[in-house]
1. Name the residues in the stretch B:71-81 that are at the interface with chain A (Cβ under 8 Å from one of its Cβ atoms) and not in a helix (DSSP H, G or I), would you?
2. Output the number of the condition that B:H116 fails; it satisfies all remaining conditions of (1) modelled with pLDDT of 90 or more; (2) surrounded by fewer than 19 Cβ atoms within 10 Å (Cβ to Cβ); (3) within 14 Å of chain A (Cβ to nearest Cβ).
3. Which of the residues spanning the stretch B:90-102 are out of contact with any Pro (no Cβ under 8 Å at 6 or more places or on another chain), more than 7 Å from every other protein chain (Cβ to nearest Cβ) and crowded, with 21+ Cβ neighbours inside 10 Å?
4. Could you check the stretch B:8-26 and list, in sequence order, the residues that are of a type in the set (D, E) and within 13 Å of chain A (Cβ to nearest Cβ)?
5. Identify the single condition in (1) at pLDDT 95 or above; (2) surrounded by 24 or more Cβ atoms within 10 Å (Cβ to Cβ) that A:I76 does not satisfy, given that it satisfies every other one.
6. Name every residue in the stretch B:27-51 that is part of a loop (DSSP other than H, G, I, E, B) and either more than 30 Å from A:L115 (Cβ to Cβ) or within 9 Å of another protein chain (Cβ to nearest Cβ) (or both), in order of residue number.
7. Going residue by residue through the stretch B:52-70, is there one that turns out to be closer than 23 Å to B:G173 by Cα and either modelled with pLDDT of 90 or more or within 9 Å of another protein chain (Cβ to nearest Cβ) (or both)?
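The values are calculated or read from the model by the stated rules, or taken from the named source; none is laboratory data. All values reported here derive from a predicted model rather than from experimental measurement. For neighbour counting, all protein chains shown are included, and Cβ atoms are generated from backbone atoms with ideal geometry for every residue, glycine included.
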Amino acid sequence: MNWLALRLLRPYLIVAATLSAVSTAIVLAGSRTIREHVVASGIVVEDYAPDRTGLCEELVSCLPAGTATNLAQVIILVATFVPLLIGLILGVPLFAREREESTDAFVLTQSVPRLRWMSTKLLWALTAGAICTAAVAVAFRLAAARYTLIVNDAAYAVLRELHQNSIGFMVMQTVFITALAGVVGLAVGRTLRTLLVTVLAWPAALIVAQIGGLLLGLMVYLLTSWSPSLSMRFGTLTEGETATFDALALAVCTIVTVLIGRRIVAPDPASSPLQPADLSIEHRQARDV
Amino acid sequence: MSADRTTPAVDVAGLTHRFGRRYALDGCSFTVPAGAVTALVGRNGAGKSTLLRTAAGLLRPDTGAVRVFGEPAGDATLPRIGYVGQQAPLYPMLTVAQTLTLGGRLNPRWDAAYAHRLADDAELPYTAPVGTLAAGHRTRLALILALAKRPGVLLLDEPLAPLDPVARAEMSGTLMADVADRGTTVVLSSHVVADIESLCDHVVVLAEGRVRLTAEVERALTGHLIAVGATEDVTELDDIVEVRTAGRDATALIRSTGPLPSAGGLSWHRPTLEELVLGYLRAPRPRPKRKVTTT
């Protein structure tokens, strides 16, 4: 099953890996160029400083105008959308294409349990997605985040909420989108519909993640408030901690999504008269029963 | 595989499946004995594909169940089922050789030597991607995958439709050889009776999602008669399955286990399988069984 899963994923893995490599290169090369411009302008941006202490005024970019600012904006766009794109590339065709081409009827009638088919494919896609995004996220966080932080356009400030300058959040975003697109593909069975549903679900998922992360943060705050030493370390609701909690919320969403996928593939016969596994082939079946 | 001959290979009990409001299957019940070659015959949309997909575990019925060698159709029965769907869906990007290798990877009882022998017999090009194969070759490859899995029951959804006459004969021969050698049970669907007439020993006629007839072919043929004659004489007969009129004459398919009658101004003969099946397919609805007098 591993061989088949990897063979079917191969073209998408190549595209995702290429996108990851190109994005990483853009982030690294862009950061280097920005640093040169920053140094030439006499601006000191030594460390990543989420609170912007001593850097520049709020809503005023203190990167040199022109190339440095433009590159920083490109890097922000990369950090914002590459996790989504990698998730879509790997997740959308994962099951939707098989159902669309009816090859699921072949593989599901071999001696392989349905759940193994689903989990093997999903596992490889999630792993590949996580690795591809991690490369971009690590490069971004270590080399570029200190510069993109001081690009102070309102629109880019909104985009910052979508990547949160966090490796964990970016990786979990890809993992969640891959799982979501895969499960939607299982249920819907059409590539284009899967793509549309997943893209539309993306902002909603980010909002849910932020709300979930906030609730987790508040819970930790309440749980640690009795101890001064613990409350100094946890429940501080700093940018890093919030991003971590948001990533955790996305992890929970991913688990729920995979569990829904398991029910679609192998529904409990006692509990559900609805058979989502049949839905994708519904109109095809209705045509040629 | 076929050791326990008392357990039906396929037991369909009260099977109902709907797509939206439309009934694809409506309370279907029949059994397929182990080792039998059963033709599932019906018009387009009769529910043949749905029934086979349900038996293969690809669909879950709304009500009822399919048992394969006594076990509910699903993951547990997969190693005992060989399924070939309509249009024989296979991975188009894999070559024939890779597809055969894949069969080995996905099936623990895979018979590689048998698969290669069948592929050689079919003159399949090993290095060609499946997507470039003609429909007939693709169907034969799908059948090879199903056979080399060494299943107890083969579920074939219109397997002969895309084949040329020579390939049909070869594929029928391959199927029959497997049945003879291993006692494999075969359920194959078709809407062309001529395709399966020489293959099957049992027949199930499906119409509008319901089973109209399920019987051993020989018994079904000896249990029916065709009467041809004046419309008023024909329509007075009992136990008519279906009657067709053409001008003042009529032809009726009737149930009868007796000998060929010789009187009554009607012409009588035993139906062919095609006449029998067409009669049941054209019949508006199942009629209650009554005793018939043919003298």
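1. Of the stretch B:71-81, the ones at the interface with chain A (Cβ under 8 Å from one of its Cβ atoms) are B:75, B:78-79, B:81.
Residue satisfying the conditions is B:I81 alone.
2. With respect to (1) modelled with pLDDT of 90 or more; (2) surrounded by fewer than 19 Cβ atoms within 10 Å (Cβ to Cβ); (3) within 14 Å of chain A (Cβ to nearest Cβ), B:H116 is out only on (3).
3. Of all residues in the stretch B:90-102, those out of contact with any Pro (no Cβ under 8 Å at 6 or more places or on another chain) come to B:90-91, B:97-102.
Checking the rest, the ones that are also more than 7 Å from every other protein chain (Cβ to nearest Cβ) come to B:97-101.
Scanning the stretch B:90-102 gives B:T99, B:L100.
4. Matches in the stretch B:8-26: B:D26 only.
5. Result: A:I76 fails condition (1) only.
6. Just the residues of the stretch B:27-51 that are part of a loop (DSSP other than H, G, I, E, B), to begin with: B:33-36, B:43-47.
Once the filter is applied, which keeps residues that are part of a loop (DSSP other than H, G, I, E, B) and either more than 30 Å from A:L115 (Cβ to Cβ) or within 9 Å of another protein chain (Cβ to nearest Cβ) (or both), the stretch B:27-51 yields B:P33, B:G35, B:A36, B:R43, B:N44, B:G45, B:A46, B:G47.
7. Applying the first criterion (closer than 23 Å to B:G173 by Cα) to the stretch B:52-70 yields B:52.
Those left that are additionally either modelled with pLDDT of 90 or more or within 9 Å of another protein chain (Cβ to nearest Cβ) (or both): B:52.
Yes: the stretch B:52-70 contains one or more residues that are closer than 23 Å to B:G173 by Cα and either modelled with pLDDT of 90 or more or within 9 Å of another protein chain (Cβ to nearest Cβ) (or both).
Yes or no, residue by residue, for (1) in contact with a Pro (Cβ under 8 Å, 6 or more places away or on another chain); (2) within 20 Å of A:G189 (Cβ to Cβ); (3) not aromatic (F, W, Y):
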| site | (1), (2), (3) |
| --- | --- |
| A:A96 | no, yes, yes |
| A:W117 | no, yes, no |
| A:A128 | no, no, yes |
| A:C132 | no, no, yes |
| A:A135 | no, no, yes |
| A:A144 | no, no, yes |
| A:V151 | no, no, yes |
| A:Y156 | no, no, no |
